[in-house]
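Peer 1: One structure, pasted below without further comment.
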Amino acid sequence: MALGAGPGVWALLLLWALALLLCGAASRAAARARFATVPVALGAALLSAALLLFPRDEEHPPAAAHGDELVDTFLIPRFILLAVMSLLFLGCLFLLLIYHLMEPVYAKPLRSSSSSS
């Protein structure tokens with residue numbers, strides 16, 4: 001496949017692209033339709049978990065030839081990427097809490113029923 005990625009990676013990419021597109025479209029809709037983003041995101045997460053937990057190929061790859069040693073050369077960059085993504089996720093959750101969930105609701109001014117002359 002292109003760029004060294006298999007069909008499962010492309011299926012997950014397509015799934016999350018469609019989920020993001022549907023969530024973006026639903027977020028612009030009327031008030032009741034905005035809640036459709038929750039089932040779309042949960043459905044995409046469940047489908048992703050199913051795709052990741054039930055691989056198509058055999059679970060254990062064939063053993064390497066005698067004397068060959070498998071070395072993960074991208075271990076440290078992968079952990080750095082995981083740390084950066086975790087920090088960004090926590091930062092986004094914090095910003096969501098500050099700017100969306102804790103947004104102040106201002107009271108509307110009361111109209112007096114008596115008219116002053």
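Every read-out reported here was derived from the displayed coordinates using simple, explicitly stated rules and does not represent laboratory data. No experiment lies behind these values; they were computed from the predicted model shown. Please note: Cβ atoms are built from the backbone with ideal geometry, for glycine as well, and neighbour counts cover all protein chains shown.
Peer 1: Over all distinct alpha-carbon pairs, what is the Kirkwood Rh of the range 8-54 in angstrom?
Peer 2: 11.0
Peer 1: Among 29-40, 100-111, what's the highest-first ranking by average C-beta atoms within 10 angstrom per residue?
Peer 2: Averaged packing, sorted descending, gives the order 29-40, 100-111.
Peer 1: Sticking with the crude label model, points 7 Å out along Cα→Cβ, report the distance from E69 to A83 in nm, one decimal please.
Peer 2: 2.5
Peer 1: For a quick protection proxy, order the peptides 86-94, 15-23 by their average other-Cβ count within 10 Å, most packed first.
Peer 2: 15-23, 86-94
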